Amino acid sequence: MVNRYQPQEFEKKWAEQWKKEKINIFNPDSNKEKYYVLVELPYTSGDLHIGHWFTFTHPDVLSRFKRMNGFNVFFPMGYDAFGLPAENAAIKRKIHPKDWTMKNIETMTKQFQQMGTMIDWDWMTITCLPEYYRWNQWIFLKMYEKGLAFRGKTLSNWCPSCQTVIANENIENGKCWRCGETVVQKDVEQWFLKITDYAEQLIWDDKPKVDWPTSVRTGQNNWIGKKSGINIDYPVKNTEETITCFTTAPVNFGMTFIVVAPEHDLVKKIISGEIKVDSKCKKEIEEYYKKAQEKTEMDRLMEGKKKTGVFTGLYATNRIAGWDVPVWVADFAIGNVGTGAVQGCPGHDYKDFEFAKKFNLPIIRVVVGEDGDQSEIKESRQIIVKGMKGKMVNSKFLNGLEFSEGLEKTMDYAEEKGWGKRVFSYHIRDWSISRQRYWGTPVPVIHCIDCGIVPVPENNLPIELPYEVDFTPHGKPPLATNEKWLNVKCPKCGKPAKRDAETLDTFFDSAWYWFRYLSPQYEKGPFDELRASRLTPVDVYFGGSEHTLGHTLYARFFTKFFQSLKMLNYDEFALKRIQHGIVLGPDGSKMSKSKGNVINPDDVVIEYGSDTARLYLCFMMPYEGTGAWSTQTIAGVNRFLGRIWKIYQEQYQRLNIKDQKEDERLIIKLKKTIKKVTEEISNIKMNTSIAAMMEFLNDFEKSLAPNPYSLTPEHAKQFLQILAPFAPFMTEEIWRNVFGEKESIHLSTWPKVEGEISFDPP
RNA sequence: GUCGGGGUGGCGAAAUGGUAUACGCGCAAGCUUGAGGGGCUUGUGGUCGCAAGACUGUGCAGGUUCAAGUCCUGUCCCCGACACCA
């Protein structure tokens, strides 16, 4: 009688035993080749859900596989522990954010350990502890020293619910990425990082030296938004003024007006009276300006694409085409996009067309080639000009050229004449890092009335976050409520001064954490540079696609900054990036408590055990995929493990039988399977690895009917080994208790298949 | 609108240009069992046929090739990101 597969009987036992045997201890000084597997550090929300298991299982399988292949695998773990949710939860439940966070870390760690990962928890790094954030402060000061951290007053994205500024990258559809509140514009003085200085370096070229998905590379490039174009100057008649318009496509022969944003200098000068305009126009402009000021950027968008605007009474000269155009103020032009002024070419641009239509401005469509042959127009959209006054010009200037060629020629011509200057424009803006909240890294500067901004001397770090503050939101930064902490002496002149009461964006924390993993207790710098030179870059970085424009971009920025400080000798921190999808609820929609479709890993472990959960998460879909949890498929995967269990219990408990002949075909099949699984795990295709093993099991079972010893124990052990990264508990149980091995299967050597496998088993 | 990724059985999904649908789920029939929502065996793209088999088949329309799910051109649809960006 063979006992059934009951993982609950041995999974706990092995977790304990592995701890005792220290099989998962990472040795940084090993002379084996390094392999660094990194997963984005989870936020300390407190509840570990099945998504975490999904995210971590594939990397764990890869790590175990690499270890069995002789690599010194570093698979560390940490927590992203600062941030608003902790503070909000604390306000709601009247617990201190620190206590809330530390308690969550404890629970989550316990749950994580059930997964049976090979993570060595001794390297755990927690971002809210002074030994970590002290180095945030150190990095900040270095950036300040290099002019990369600066204080600026600008119109910023403000979340009224979080009472803090947030970065562009963290706005989703005009809403705060964390709380979902509509973001408004507010003039705030705050700290920025000059990521724009690194814009060029952050652009991906066509054949990058690291293996990152195209979606990330093009996404980041679009976000950086480098565009080649020209700033063309338009002298405003009867004034000393010039309006400069940026354009990537100077269709000046179709240009019939100019629009300036309400924030444009020209508008300010008109209102101040510096530029004289018709009094009726002036009045309208003043009103329009006032209205625009009341609107947030979001309001402007919300009002849809309804074009509004007022005429200034001024005209500017379009020197390229040789005519004058009226100048309008309209809020579809945005102050900080381009030059804040748009040249209106309604025959070629849909927004310009709408505007021209509404205010009855002429619409000219430029055509190239013979007599306005429409078929020659390649670059522009078709626009209906029916019923509008307008015309088509067959541009002498562009005649006989491809449209894009003609635009190039226009730019050269304008530049030659001194009417414009070729420039590159970028979409990326400087990264706002100030947060008017409590639970974050204090900005290490002191504000002195006499000396201004004084950086905290390096040996005074860390500036510890005080425990006692009033962190309920009331418009004033919470840190400013602790007077004792706030008031200090100026390090320069010794007079009374105040600390900066803001904290750093948590994306700052996560922009370099994988370096800290290398030496979490290191005292001489943010990380041990010698160790970094040996153990980094990261070989594979696993994470979510939501970090394409935020986290991974910042992380690349910081890496390049460290390189500039000569702390590193490379500029891309991860050789490969893989982004996971989402495990949906059994009903096919996103898991949420309110829908009641949440799969709790603890329940799955009770029902099927960790191995089945791991195997299922690897088998259900590719890592990049998004799909629903299936209670039926997981049962099928459980059956697969049960069948293996049964065979090994039945066949290999009695090892004394000789005179049996191995099944040649099965051995070839085994070799093929080993080869396939080896390749598939290397490519992080866990679903097809498992499929290959299932195929083998089918053949194995069939072969047993005529020949109960179709595989020798040696070969049977090989199959167990290739299954081990997926099902670490069951394979260990069989390895040791059926085959009587003394050392863990996870420290055994991955079976090698030499040469070609010629024979095709039927 | 722009940019990225995709459309393959009832479902999740496989296929270095070379037998399309591996593997799993589901379903059907049979066996096992005191019983079974358990275990095992077989079958399972569609149409026609008792059958052997024939035809057809990877969103749609063309093309390249001895050979196309895969390469090329056009087109439709879905998902994701960005977006009054000039």
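The values are calculated or read from the model by the stated rules, or taken from the named source; none is laboratory data. Note that the structure is predicted; figures quoted are calculated from it, not measured. All Cβ positions, even for glycine, are placed from backbone atoms using ideal geometry, and neighbour counts span all protein chains on display. Note: accessible area is taken over every heavy atom of the protein model, side chains too, but ligands, DNA and RNA are not part of it. Shrake-Rupley method; radii C 1.70, N 1.55, O 1.52, S 1.80 Å.
Conditions (1) at pLDDT 95 or above; (2) more than 32 Å from the chain's Cα centre (by Cα), marked per residue:
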{"residue": "A:TYR426", "(1), (2)": "no, no"}
{"residue": "A:ARG437", "(1), (2)": "no, no"}
{"residue": "A:GLY440", "(1), (2)": "yes, no"}
{"residue": "A:GLU468", "(1), (2)": "no, yes"}
{"residue": "A:THR472", "(1), (2)": "no, no"}
{"residue": "A:PRO478", "(1), (2)": "no, no"}
{"residue": "A:GLU483", "(1), (2)": "no, yes"}
{"residue": "A:CYS493", "(1), (2)": "no, yes"}
{"residue": "A:PHE507", "(1), (2)": "yes, no"}
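Within the group A:ALA705, A:ALA692, which residue is closer than 20 Å to A:VAL61 by Cα and small (Gly, Ala, Ser)?
A:ALA692
Restrict the check to the range A:106-127 and report whether at least one residue is in a loop (DSSP other than H, G, I, E, B) and within 23 Å of A:LEU504 (Cβ to Cβ).
Within the range A:106-127, one or more residues are in a loop (DSSP other than H, G, I, E, B) and within 23 Å of A:LEU504 (Cβ to Cβ).
Does A:GLN17 fit the bill of being part of a helix (DSSP H, G or I), modelled with pLDDT of 95 or more and open to solvent by 40 Å² or more (accessible area, probe 1.4 Å)?
For A:GLN17, the condition - part of a helix (DSSP H, G or I), modelled with pLDDT of 95 or more and open to solvent by 40 Å² or more (accessible area, probe 1.4 Å) - is met.
Looking at this structure, is A:GLU607 open to solvent by 20 Å² or more (accessible area, probe 1.4 Å) and more than 18 Å from the chain's Cα centre (by Cα)?
For A:GLU607, the condition - open to solvent by 20 Å² or more (accessible area, probe 1.4 Å) and more than 18 Å from the chain's Cα centre (by Cα) - is met.
Of the residues A:SER592, A:SER533, which single one is over 15 Å from the mean Cα position of the chain (by Cα) and closer than 30 Å to A:PRO7 by Cα?
Step by step, each of A:SER592, A:SER533 is checked, and only A:SER592 is over 15 Å from the mean Cα position of the chain (by Cα) and closer than 30 Å to A:PRO7 by Cα.
Please give the helices (runs of 4 or more DSSP H) falling wholly within the range A:607-698 in which 3 or more residues are without any contact (Cβ under 8 Å) to a residue 12 or more places away in the chain, within 7 Å of RNA strand B (Cβ to nearest atom) and touching a helix residue (DSSP H, G or I) at 6+ places or on another chain (Cβ under 9 Å).
Output list is empty.
Mind counting the residues in the range A:237-248 that are within 9 Å of RNA strand B (Cβ to nearest atom) and crowded, with 18+ Cβ neighbours inside 10 Å?
3
Restricting to the range A:224-236, give me the number of residues that are within 11 Å of RNA strand B (Cβ to nearest atom) and surrounded by fewer than 18 Cβ atoms within 10 Å (Cβ to Cβ).
Qualifying residue count, the range A:224-236: 4.
For the condition more than 12 Å from RNA strand B (Cβ to nearest atom), open to solvent by 20 Å² or more (accessible area, probe 1.4 Å) and closer than 30 Å to A:GLY344 by Cβ, what is the one hit in A:ASP211, A:ASP197, A:ASP187?
A:ASP187
Output the number of residues of the range A:155-174 satisfying the condition of being within 17 Å of A:TYR438 (Cβ to Cβ) and either within 14 Å of RNA strand B (Cβ to nearest atom) or without any contact (Cβ under 8 Å) to a residue 24 or more places away in the chain (or both).
2
Quick check on A:TRP100: is it free of Cβ contacts under 8 Å to residues at least 60 places away in the same chain and either in a strand (DSSP E or B) or open to solvent by less than 10 Å² (accessible area, probe 1.4 Å) (or both)?
Taking the combined requirement at face value, the residue does not satisfy it.
Which residues, taken from the range A:184-205, are at pLDDT 75 or above, of a type in the set (Val, Ile, Thr) and farther than 19 Å from A:TYR144 by Cα?
A:VAL188, A:ILE203
For the range A:58-68, state whether one or more residues are touching a residue at least 40 places away in the same chain (Cβ under 8 Å) and not in a helix (DSSP H, G or I).
The answer is no, given that none of the residues of the range A:58-68 is touching a residue at least 40 places away in the same chain (Cβ under 8 Å) and not in a helix (DSSP H, G or I).
So in the range A:20-29, with the set limited to residues that are without any contact (Cβ under 8 Å) to a residue 40 or more places away in the chain and assigned to a loop (DSSP other than H, G, I, E, B), which one is least open to solvent (accessible area, probe 1.4 Å)?
So the residue we want is A:ASP29.
Pairs needed: first member in the range A:311-337, touching a residue at least 60 places away in the same chain (Cβ under 8 Å) and within 14 Å of RNA strand B (Cβ to nearest atom); second member anywhere, part of a loop (DSSP other than H, G, I, E, B) and among the acidic types (Asp, Glu); C-beta distance under 6 Å; at least 6 residues apart or different chains.
Sorted first by the residue in the range A:311-337, then by its partner, the pairs are A:GLY335/A:GLU263.
Name every residue in the range A:231-250 that is β-branched (Val, Ile, Thr), assigned to a strand (DSSP E or B) and over 32 Å from the mean Cα position of the chain (by Cα), in order of residue number.
A:ILE232, A:VAL236, A:THR242, A:ILE243, A:THR244
Scan the range A:3-14 for residues that are aromatic (Phe, Trp, Tyr) and not in a loop (DSSP other than H, G, I, E, B) and jot them down.
Of everything in the range A:3-14, just one residue is aromatic (Phe, Trp, Tyr) and not in a loop (DSSP other than H, G, I, E, B), namely A:TRP14.
Within the range A:508-564, track down each residue that is surrounded by fewer than 19 Cβ atoms within 10 Å (Cβ to Cβ), within 16 Å of RNA strand B (Cβ to nearest atom) and either free of Cβ contacts under 8 Å to residues at least 60 places away in the same chain or hydrophobic (A, V, I, L, M, F, W, C) (or both).
Across the range A:508-564, the qualifying residue is only A:GLU546.
Is the range A:689-709 home to any residue that is hydrophobic (A, V, I, L, M, F, W, C), in contact with a Ser or Thr (Cβ under 8 Å, 6 or more places away or on another chain) and closer than 18 Å to A:LYS661 by Cα?
Scanning the range A:689-709 turns up at least one residue that is hydrophobic (A, V, I, L, M, F, W, C), in contact with a Ser or Thr (Cβ under 8 Å, 6 or more places away or on another chain) and closer than 18 Å to A:LYS661 by Cα.
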